[in-house]
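We did not get these values from a lab; they are worked out from the coordinates using the rules stated. Computed from a prediction, not measured in an experiment: that's the story for all the values here. Here the Cβ positions follow ideal geometry from the backbone for every residue, glycine too, while neighbour counts run over all protein chains shown.
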2 protein chains.
Amino acid sequence: MKKQKVSDAVIHRLPRYYRYLDELHNKGVVRISSNSLGQKMDITASQIRQDLSCFGEFGQQGYGYNVAELRSEIGHILGIDSGYRLIVVGAGHLGHALLQNFDFQKVGFQVDTAFDVSPALIGTKIHDVTIRPMEELEHYVEEYHPNVAVLTVPQSVAQPLADRLIALGVKGFWNFTNVELSTQTKGVFFEDIHFVDTLLTLSYRISRPEELY
Amino acid sequence: MKKQKVSDAVIHRLPRYYRYLDELHNKGVVRISSNSLGQKMDITASQIRQDLSCFGEFGQQGYGYNVAELRSEIGHILGIDSGYRLIVVGAGHLGHALLQNFDFQKVGFQVDTAFDVSPALIGTKIHDVTIRPMEELEHYVEEYHPNVAVLTVPQSVAQPLADRLIALGVKGFWNFTNVELSTQTKGVFFEDIHFVDTLLTLSYRISRPEELY
DNA sequence: TAGATTGTTAATCGATTAACAATC
DNA sequence: TAGATTGTTAATCGATTAACAATC
């Protein structure tokens, strides 16, 4: 097992490994070789073995990998079993959609509560999650220390809001506001979801289909 | 100007360039050097110049780049001025959120219409977009030939739905269903939005903050 | 045991960065 | 003109792939 900084490229492949292994697991597949997993995922067997070697030895010569075991090992690496708790800040359509449809539990997150400014929403529940007034946000975070905040608020308030939450100890931001957030504080991470970027990538590709042959 | 296949790494940086240039443009900034843009974006000036050189020569020695011009050049490369039209398939919470909040027009897309199975939604409008019954989907696509379909439908129907739409000439899929779509048909592209993956990446990072120093 | 497949080292390939002549 | 900054070529760095000894 190499002990080196894990590259971004590897980190971004981990969730994909997890998805495929989870699917295989659900289908009842017991073992898989790097070769056949690579074929399914359209990557080389070498890459899979190289990637995994950053974290340990999970296979067995002549056999391959036990699907259930590798799945749970990667889940562990990703922190799925860490019992992280999160709050949703902004319960508009997008926040609502996430609360209603996204399976937080499946990736090990517990949704503590949600916040919104709209009086009409405050006090209501979405998918068993209570919506609280924005005024209670800081007090709540101070008291319950959620690990992650989901930001589905207007762009303009995103950075100041993040700053306040960082000061209160929030470590991760799942940021849907299309601004890139940043901080000086070490150990705080942002995952900025740029819908615009992905649609533009698609636009680029359909504009030049010939370039890909 | 090099004439070579443009790498994925470059393609994925283009929308980000566009975002930054758009912001500078809105702020009234007239010119910028690769150096100062690089500082803002936290990448090297070399990389910016190298990336741009895939598409042409947009700068001027001793001056840098004209913001408005470079912005519109990159917009053009991304296909923003192609007049693409799209349809939204599935008007649940997520589809609703996109229709309501996402500025399609800003990236050059026109939303033609939306489809849903729910009788309660059919005939209503969200943000000026009419929701039609799913039964009309194929006939509609056949007649109006939208370029892109946004898929905010249940996972299970995503691939068969995509197959039907591909057969009718849809070229791009902005896919929010968390399954990886694929096709044999050349010139068709998928942009799969994996919410799960990004949340897991965040989970990974807050689990090992020390690895990043 | 023989065959299969790992983990790891070495080779290759590609992407990023540095350097600099060209020139506005 | 002198200074600034490009576009591009060359150097470096890192990531991917290939190869293979170890071994289940």
**Study point:** Exposed trypsin sites (Lys or Arg not before Pro) absent: longest stretch of chain B, with sites in DSSP loops and at most 16 other Cβ within 10 Å deemed exposed
**Key:** B:28-185
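If each residue of separation counts as 0.36 nm, what is the full-extension length gain between A:His139 and A:Val157 once their alpha-carbon separation is subtracted?
Here the segment from A:His139 to A:Val157 would lengthen by 4.7 nm.
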Practice item. Report ³J(HN,Hα) in whole Hz for each residue of the range B:124-141, in order, from the Karplus equation J = 6.51 cos²θ - 1.76 cosθ + 1.60 where θ = phi - 60°; Gly and Pro get x. Key: 7, 10, 10, 6, 6, 9, 7, 9, 10, x, 3, 4, 8, 3, 5, 4, 4, 5
Point to revise | the range A:1-132 pair-distance distribution - Cα-Cα, 5 Å bins, rounded % | key: 2, 9, 17, 17, 13, 11, 9, 9, 7, 4, 2, 0, 0
Practice item. Tell me which residues come under 5 Å, amide H to amide H, from A:Arg85 once H is placed; ignore anything under 5 positions away on its chain. Key: A:Gln110, A:Asn147, A:Val148
Point to revise | Using θ = phi - 60° and Karplus 6.51 cos²θ - 1.76 cosθ + 1.60, couplings along the range A:90-96 (whole Hz; Gly, Pro as x) | key: x, 10, x, 4, 5, x, 4
Check your understanding: Once the Cα gyration tensor of the range A:8-78 is found, what semi-axes does its equivalent ellipsoid get, as square roots of 5 times the eigenvalues, in whole Å, sorted largest first?
Key -> 16, 14, 12
Practice item. Report, to two decimal places, the Cα Rg of the range A:85-197 normalised by 2.2 N^0.38 Å (N = number of residues). Key: 0.98
Study note, to complete from the structure: So, relative contact order of the range A:85-197 in percent, Cα under 8 Å, 6 or more apart, is 23 percent
**Study point:** Rg(Cα) / (2.2 N^0.38 Å) computed for the protein assembly as shown, rounded to two decimals
**Key:** 1.02
Exercise for review: Note down the relative contact order for chain B as a percent, whole number, built from C-alpha pairs under 8 angstrom at least six residues apart.
Suggested key: 13 percent
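Within 10 Å of each Cβ in peptide B:188-194, how many partner chain Cβ atoms are there on average? Round it to a whole number, please.
Partner-chain Cβ atoms within 10 Å, mean over residues of B:188-194: 4.
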Check your understanding: Tell me, what ³J(HN,Hα) does each residue in the range B:41-49 have, in order and in whole Hz, if you take phi through Karplus 6.51 cos²θ - 1.76 cosθ + 1.60 with θ = phi - 60° and put x for Gly and Pro?
Key -> 8, 6, 9, 7, 4, 4, 5, 4, 5
